[in-house]
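I have placed the structure first, in the form of structure tokens, so that the comments after it can refer back to it.
The values are calculated or read from the model by the stated rules, or taken from the named source; none is laboratory data. Model, not experiment: these values are computed from the prediction. As a convention, Cβ positions derive from the backbone with ideal geometry for all residues, glycine included, and neighbour counts pool all protein chains shown.
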Amino acid sequence: MSSVIATTAIRGRFLDIQNTVAQARDIHDQVRYVEDGLLISQNGKIQWFGTWQDGQAHLPAQVDVQHYPDQLIVPGFIDTHIHFPQTEMMGAYGEQLLEWLNTYTFPTELQFSDPAYAKTIAEFFVHELLKNGTTTALVFCTVHPESVDALFEAASNYQMRLIAGKVMMDRHAPDDLCDTPERAYSESKALIEKWHGKGRNLYAITPRFAPTSSPEQLKRAGELKAEYPDVYVHTHLSENKSEIEWVKALFPAQKGYLDVYHHFGLTGNKSVFAHCVHLEDDEWNCMHDTDSAIAFCPTSNLFLGSGLFPLHTAWEKQVKVGLGTDIGAGTSFNQLQTIQEAYKVQQLQGNKLSAYEALYHATLGGAKALDLDQTLGNFNTGKEADFVVLDLKTTALQQLRQSRAKSLEDALFALMLMGDDRNIHATYVYGQRVYSTC
Ligand code: GUN
Ligand code: ZN
């Protein structure tokens, strides 16, 4: 891994959220907009941020300033739930969760026993994230340890902050995709020792979901978490009604779906549960009490017909939420397109998702969900310098709409509702430009 020594100086219009909040209505007060700003990063961290006028005195000699006068610069997007091996199977027709897994997902994931195959897709995947302005992600690999190596190697090429892990799965899946409780434990442990905290890589213990792990395997997963309290736990929860009934039948001794994970020591402030569309009241309370987080994956929930995630309840119950694309059940890598669907999911429940709240979930709120809000998610000095340069008008239609924008919030909302990967002008990771359209 190459080390970064360069100083980078960026001038432009900057927008971020200064602090995490307890209520959606508090976000507006935390919005920071610097119309003509300067960000200086050194060795990957933000060294200085403020107005161009004040900042010039802080510019080291002979540093070129990259100026983006027409764009909008926001913190890098954070994807709190995505599967890299499912990149090639987006748009698989016609099924809901359990049939979709058997028909499309498991056959696709079988290919990742081949390290060369895993490397090809991992490199494609990481580039696709960067092309969409996503600078941090929490990622499912497959059951094969080689798939984890391939992904961390691909991310390390860009010094990207990535959290990932090997799937644990020992039943209700093809034999060649199953490990055992012992193998899941020992292979995951070896991967933690190899990758957790190496560069910007972090490890997540990754049981696929309760139906594909025996109680013995979940017990081993919990033991591993107790041995390495600093690593993450990443799994699925309450996505689909048939799935929930199945879990209740498989684990009759537990109070419900979340209680299965809680019983085995898998809840906590570094645990991220994808979906949580159909949580029961005591499950919301358990999520809150254990400080566990939810990955809200609107394009996936709509595509698989799973249901409408109640974001308002998460605020009420004070449960952390990040946005996830959930590729390959999700239908876009792009966080602007994910926000489009998040907005519609709230509309269908009679609720609003403002542009600034959406920005919060995609940046600082996502960082909080990943327990990384002290490290990244906005432009505060000392944070890691991951950011994305957005073009607000890449099409004639966007040009027309933006020319009618009544405010910054209106312009941002229009960008979110009409945008896609064409609006990602450049992506910076750890102070370095890693993707650019020009
Ligand atoms: N539940 C268990 N595995 C998966 C998966 O791969 N995708 C989704 N969306 N849900 C799951
Ligand atoms: Zn998923």
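β-branched (V, I, T), over 30 Å from P298 (Cβ atoms) and surrounded by 22 or more Cβ atoms within 10 Å (Cβ to Cβ), is that true of I82? Answer is no for this residue. Take the conditions (1) touching a Phe, Trp or Tyr at 6+ places or on another chain (Cβ under 9 Å); (2) touching a residue at least 60 places away in the same chain (Cβ under 8 Å); S332 misses just one of them, which is (1). So for the stretch 248-270 (the condition being within 13 Å of ligand 1 (Cβ to nearest atom) and either within 23 Å of A22 (Cβ to Cβ) or assigned to a strand (DSSP E or B) (or both)), does at least one residue qualify? No, the conditions are met nowhere in the stretch 248-270.
Scanning the stretch 185-199 for residues that are crowded, with 20+ Cβ neighbours inside 10 Å and out of contact with any Phe, Trp or Tyr (no Cβ under 7 Å at 6 or more places or on another chain) gives Y185, S188.
Collect the residues in the stretch 74-86 that are away from ligand 2 (no atom under 13 Å from the Cβ) and either more than 19 Å from the chain's Cα centre (by Cα) or of a type outside the set (A, V, I, L, M) (or both), keeping them in residue-number order. Within the stretch 74-86, P75, G76, F77 meet the criteria.
The C-beta contact set for the stretch 221-250 (first residue among the aromatic types (F, W, Y), second residue within 12 Å of ligand 1 (Cβ to nearest atom), distance under 8 angstrom, 6+ apart or interchain) comprises W246/L98; W246/P211.
Can we say F333 is out of contact with any Gly (no Cβ under 9 Å at 6 or more places or on another chain), closer than 25 Å to V74 by Cα, within 16 Å of ligand 2 (Cβ to nearest atom) and of a type in the set (F, W, Y)? Criteria met by F333. Residue check: A342 meets all listed conditions (1) in contact (Cβ under 8 Å) with a residue 60 or more places away in the chain; (2) in a helix (DSSP H, G or I); (3) crowded, with 22+ Cβ neighbours inside 10 Å but one, namely (1). Of the residues making up the stretch 197-233, those that are within 16 Å of ligand 2 (Cβ to nearest atom) and either hydrophobic (A, V, I, L, M, F, W, C) or more than 21 Å from the chain's Cα centre (by Cα) (or both) are A204, I205, F209, A210, P211, T212, S213, V233. Residues that are away from ligand 1 (no atom under 16 Å from the Cβ), at pLDDT 95 or above and within 24 Å of G330 (Cα to Cα): does the stretch 92-115 have at least one? There is at least one residue in the stretch 92-115 that is away from ligand 1 (no atom under 16 Å from the Cβ), at pLDDT 95 or above and within 24 Å of G330 (Cα to Cα). Of all the residues in the stretch 204-247, those that are under 20 Å from I82 (Cβ atoms), in a loop (DSSP other than H, G, I, E, B) and either within 16 Å of ligand 1 (Cβ to nearest atom) or modelled with pLDDT under 95 (or both) number 5. Every test in (1) in contact with a Ser or Thr (Cβ under 6 Å, 6 or more places away or on another chain); (2) surrounded by fewer than 24 Cβ atoms within 10 Å (Cβ to Cβ) is passed by G165 save one, and that test is (2). The helices (runs of 4 or more DSSP H) found wholly in the stretch 1-119 and carrying at least 1 residues that are touching a residue at least 60 places away in the same chain (Cβ under 8 Å) occupy 97-100, 106-110.
Have a look at E341, E384 and point out the one that is within 18 Å of the chain's Cα centre (by Cα) and closer than 27 Å to G268 by Cβ. Residue meeting the stated conditions: E384. Exactly one residue out of K166, K194 is within 16 Å of ligand 2 (Cβ to nearest atom) and either among the hydrophobic types (A, V, I, L, M, F, W, C) or over 27 Å from Q337 (Cα atoms) (or both), and it is K166. Taken over the stretch 278-298, the residue count meeting the criterion of being crowded, with 24+ Cβ neighbours inside 10 Å and either hydroxyl-bearing (S, T, Y) or within 16 Å of ligand 2 (Cβ to nearest atom) (or both) is 7. Among the conditions (1) within 19 Å of H81 (Cα to Cα); (2) of a type in the set (G, A, S); (3) more than 17 Å from the chain's Cα centre (by Cα); (4) more than 12 Å from ligand 2 (Cβ to nearest atom), S271 misses just one, which is (3). The single condition among (1) within 16 Å of ligand 1 (Cβ to nearest atom); (2) surrounded by fewer than 24 Cβ atoms within 10 Å (Cβ to Cβ) that Q347 does not satisfy is (1). Return the residue satisfying two criteria in turn: it lies in the stretch 285-329 and is aromatic (F, W, Y) and within 15 Å of ligand 1 (Cβ to nearest atom), and of such residues it is nearest to the chain's Cα centre (by Cα). Filtering the stretch 285-329 for residues that are aromatic (F, W, Y) and within 15 Å of ligand 1 (Cβ to nearest atom), the one nearest to the chain's Cα centre (by Cα) comes out as F296.
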